[in-house]
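Trainee: A single structure is presented below for examination.
The values are calculated or read from the model by the stated rules, or taken from the named source; none is laboratory data. None of these values were measured; they are calculated from a predicted model. Counting neighbours? That spans all protein chains shown, and the Cβs are built from the backbone with ideal geometry, glycine included. Note: accessible area is taken over every heavy atom of the protein model, side chains too, but ligands, DNA and RNA are not part of it. Shrake-Rupley method; radii C 1.70, N 1.55, O 1.52, S 1.80 Å.
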Amino acid sequence: MYNESDLLYEKSKRYMPGGVNSPVRAFYAVHRNPVFIDHAEGSKIYDVDGNEYIDYVCSWGPGILGHCRKEVIEAVQGTCSKGLTFGAPTKNEYILAELVQEFMPSMEMLRLVNSGTEAVMSAIRAARGFTGRDKIVKFRGCYHGHSDGLLVKAGSGALTQSVPDSLGVPEDYTKHTLVAEYNDTTSVEKLFGEYGKEIAAIIVEPVAANMGVVLPKERFLQGLRRIADQYHALLIFDEVITGFRLAPGGAQEYFGVKPDLTTLGKIIGGGMPMAAYGGRRDIMEVVAPLGGVYQAGTLSGNPVATTAGIETLKLLKQEPGLYSQIEAGTKKIADTIREAFGDKICVNQIGSLMSAFFINEQVVDYKSAVRSDTEAYAAYFNYMLGQGIYLAPSQFEAMFISYAHSEEDIRRTCRAITQYAADMK
Ligand code: HOZ
């Protein structure tokens, strides 16, 4: 019996690869058709068949306040009525940039773009332009968007579909991408030992969240800072996921490590396409029109997207209890999973970021993450979906929670987890 989601999926497949606009949404990894969403409110999403789910995807991170937060929606509606895009400066751009700098003082200067992919691509160009060097170091399993040079041992959808690298990327485009092991500074030192004078930057997700959530070991990020300084290379934190989520000032605030450049996405747009890259003023001054690193975009700094971003960041400032509340909810779920499954599962949790890996060992890097039992995850996912709980349709994505998730939402989620674990015994 077909439901509306299945019908829409069939139609979508005629027009779009896999019927979707981002691979992980095709639900291949969990062996079922995707759920098509009609609308959302607070902590819940509602599909086109009228089913309600507690949403732990939160649009992969941006929904930190929950869906349809009144202030954000009203502000966006107000801006829309004045025009959607001008391709000319508006005051919103300055206001958002100032707010971002308040949250992250290391962003002395920034440029607004439209997606995390664009932010990272541009930050790397700026790093290369500034240092006059070509090579970059990335980490196996860290995902930095889908630009050519970074689809090397990437995470996220590339990992979900077991194709860490992509067809269509000429070797020439990736020959300057060096790959180190996450949580292993020795592997970074080795690369610098060999190519030190050619390396423009190290780019890292300070908390890896695209091979599932993998926490940095103690002093790992500090180690990267030290190596970058030693070789006069730059340190880039990809805070597309951790920015404004791990702490108001992101992972750089949480761990007290200052990067030279930062990339932001997701929460900075409050649910609209918006991203940014920025950092040290002397580096950002190489970007056109001040400097020779070209980067541009018709919709960059779009008035509607900046409105959603501004309202979201303002609310983050005004809700002092937000970070402790979302962390407590996440911790409750993490503890419930640990208690229910015992050593069958490794739960990695930090702040409001969490992943449960179906594996009986610590997940500390790419190698351990990919050893987890993705079929067991798929079964768990499908059970939870049946209980009205919407998790990421992949073992290798994070679980996100919002300020709108109530204690009852968390309790219901924990009950379902406990029940599933009991049924499995
Ligand atoms: N790579 C995204 C999450 N880390 C998935 C985006 C999506 O499918 O929308």
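Trainee: Starting from the alpha-carbon convex hull of the stretch 1-56, give the projected area averaged over all orientations, in nm².
Mentor: Hull-based average projected area comes out at 4.2 nm².
Trainee: Turning to a different aspect of this structure: At a 1.4 Å probe, what is the % contribution of carbon and sulfur to the accessible area of the stretch 14-97?
Mentor: Ligands and nucleic acids excluded, carbon and sulfur give 55 percent.
Trainee: Express the relative contact order of the chain as a whole percentage, based on alpha carbon pairs under 8 Å and six or more residues apart in sequence.
Mentor: 22 percent
Trainee: A further question follows. So what's the stretch 260-391 giving for Cα Rg divided by 2.2 N^0.38 Å, two decimals?
Mentor: So the stretch 260-391 has a normalised radius of gyration of 1.44.
Trainee: Which shape class, rounded, prolate or oblate, goes with the stretch 88-141 when its Cα gyration tensor gives a ≥ b ≥ c as root eigenvalues, a/c under 1.5 marks rounded, and past that a/b bigger than b/c marks prolate?
Mentor: Note, shape of the stretch 88-141 comes out prolate.
Trainee: From the square roots a ≥ b ≥ c of the eigenvalues of the alpha-carbon gyration tensor of the stretch 46-89, which class results: rounded (a/c under 1.5), prolate (a/b over b/c), or oblate?
Mentor: In terms of gyration-tensor shape, prolate.
Trainee: With a ≥ b ≥ c taken as the square roots of the eigenvalues of the C-alpha gyration tensor of the stretch 253-331, please select rounded if a/c is under 1.5 and otherwise prolate if a/b is larger than b/c or oblate if it is not?
Mentor: oblate
Trainee: How many percent of Cα pairs in the stretch 166-211 exceed 17 Å?
Mentor: Result: 45 percent of Cα pairs exceed 17 Å.
Trainee: For the pairs 44/344; 153/332; 153/190, flag any whose C-alpha to C-alpha distance is greater than 21 Å.
Mentor: Checking Cα-Cα distances, 44/344; 153/332 exceed 21 Å.
Trainee: Average the reciprocal distances over every distinct pair of alpha-carbons in the stretch 355-409, invert the result, and give the Kirkwood radius in Å.
Mentor: After inverting the pairwise mean of 1/r, the radius is 12.4 Å.
Trainee: How big is the gap, in Å, between the Cα center of the stretch 363-383 and the Cα center of the stretch 60-123?
Mentor: 34 Å
Trainee: Sticking with this structure for a sec: Spin-label point model (7 Å from Cα, Cβ direction): what's the residue 109 to residue 232 distance in nm?
Mentor: The two pseudo-label positions are separated by 2.0 nm.
Trainee: Which number comes out as Rg/Rh for the chain once both Rg and the Kirkwood Rh are worked out on C-alpha atoms?
Mentor: Rg/Rh for the chain comes to 0.95.
Trainee: Can you tell me the alpha carbon radius of gyration of the stretch 1-140 divided by the globular rule-of-thumb value 2.2 N^0.38 Å?
Mentor: Dividing the Cα radius of gyration by 2.2 N^0.38 Å gives 1.39.
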